[in-house]
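Just so it is clear, none of the values below were taken in a lab; they were calculated from the coordinates. Owing to the predicted nature of the structure, the values given are computational and were not obtained by experimental measurement. So basically every Cβ, Gly included, is an ideal-geometry build from the backbone, and we count neighbours across all protein chains shown.
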Amino acid sequence: MISQRTLFLTYQAQTSSAPMMLEIIKARGIILTDYKGKRYMDLISGIAVSNLGHAYPSVNRAIQKQLRQYTHLMVYGEIIQSPQVQLAQLLCAQLPPSLQSVYYVSSGSEAIEGALKLAKRVTNRREMAAFEFAYHGSTHGALSIQGSETYKQAFRPLLPGYRMLRFNNQEDLSNITEDTACVVVEPVQGEAGCLPADTAWLKALRARCDKTGALLIFDEVQTGYGRTGSMFTFQQYDVLPDILVLAKGFGGGLPLGAFISSKSNMALLAKNPVLGHITTFGGHPLCCAASLQTLKELLSQDYIQSVEEKANLFREELNHPAIICISGKGLMLGVEFESAELNKRIIAQCMQNGLLTDWFLFNDKKLRLTPPLIITHKQIKQACRLLKKSIDEVLTIR
Ligand code: PMP
């Protein structure tokens, strides 16, 4: 029989010459099990997705219940579907009066595309600004405002009129002008290696947008739903976006994204042209059921409240001389080593030792720690022990 491994390499498009090649057959909590029975602690949550871990019982039950009722019925926004409505209501209950209208999509990139279109429509301007080393997705619009030339150069022409500014840089804010439709920012830059925005800078960014009339879009695709220690990270900064973008952890393990704004902004997508944004699967009932149950769990359990304590435990336990620094916010951490080569060998050794982690798209000296929020203190200590063991093993072989 041809192995899954061979079939994977033969028939599935590959975008890298070095895929992880783990063949996982079961995932429960923070443990992934491969086809040989080897167990891995998941320290990345499918890149900030599985915030409640894998197969969280009540989320699974909610998906199964919805599965018995209906799956896809109709393209977005035509038929009243209870999981969509219930989720939007509970979501909006967590959000301020200026963010009370939810448009569902299926991914982060798609949510960014919708947010960019909405900003053009609201401001009647065409220019956009974003930040160096930002990642907002791989579709053309999102790619245009991605902060790395490496990933853009082969795909030009992209959207005209975008400006890339330096993150956390006060001076560059003057490039936001009366021609700017929107500024897209991650409150904690994910793929740059978990770099939090400075509070004063984010407030200055908000003030500059207010002054120029540009809309401020927060990409909370990685930070959303509790990862940094509050339901949404903008709450910790006390800075309100005009448009909030969610995906990844928002879907509770299923593909779901959203862009959220005011009722009056969103109303513009209904006229001139009518159906100003269309999606077939956006807000799929199974995904909304999973997201709704995830949100209920995050509201009723103390996972979010324990994020800071758990993050501190990681920082305390990871006391190894080879670690240069640990950046990030909450359970969105980047562990920096002296070189990309060392980092990659440590990541490979972690894999050997049953720890699943990886590096960042724009920072290959850093190892990613974005575990499920349900990770226990005991598991954190065990993970840190194994991580330090992996570092030691790599350093002695070197
Ligand atoms: N924004 C951010 C901050 C992301 O990290 C990502 C995905 N890594 C995206 C947008 C795009 O999301 P998706 O891959 O679901 O299109």
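Key figures
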{"item": "Estimated [θ] at 222 nm from DSSP helical runs (n ≥ 4, -39500 (n - 2.57)) normalised by residues in the chain, nearest 500", "result": "-11000 deg cm²/dmol"}
{"item": "Mean Cβ count within 10 Å, highest first, over the residues of peptides 313-326, 32-45, 148-161", "result": "32-45, 313-326, 148-161"}
{"item": "Alpha carbon centroid spacing (whole Å) that separates the range 354-372 from the range 38-88", "result": "25"}
{"item": "Amide proton proximity set for HIS54, modelled H, under 5 Å, gap of 5+", "result": "GLY29, ILE30, ILE31"}
{"item": "Percent antiparallel among DSSP beta bridges (both partners in the range 57-300, rounded to 5)", "result": "40"}
{"item": "Descending principal axes extents, the range 1-101, alpha-carbon based, whole Å", "result": "52, 29, 29"}
{"item": "HIS377/SER264 FRET efficiency (R0 51 Å; Cβ-Cβ; nearest 0.05)", "result": "0.65"}
{"item": "Rg [Å, one decimal], Dmax [Å, integer] - the chain, C-alpha atoms", "result": "21.0, 66"}
{"item": "Protection proxy ranking of 369-376, 295-302 - average other beta-carbon atoms within 10 Å, highest first", "result": "369-376, 295-302"}
{"item": "Cα-based Lys pair tally, the range 57-300, threshold under 21 Å, eight or more apart or on separate chains", "result": "11"}
{"item": "Restricting the range 161-220 to trypsin sites (Lys or Arg not before Pro) in coil, as DSSP defines it, with at most 14 other Cβ within 10 Å", "result": "ARG166"}
{"item": "Ratio of the Cα radius of gyration of the range 216-265 to 2.2 N^0.38 Å, where N counts its residues", "result": "1.11"}
{"item": "Local net charge near GLY252, Cβ-Cβ under 14 Å (Lys/Arg +1, Asp/Glu -1)", "result": "+4"}
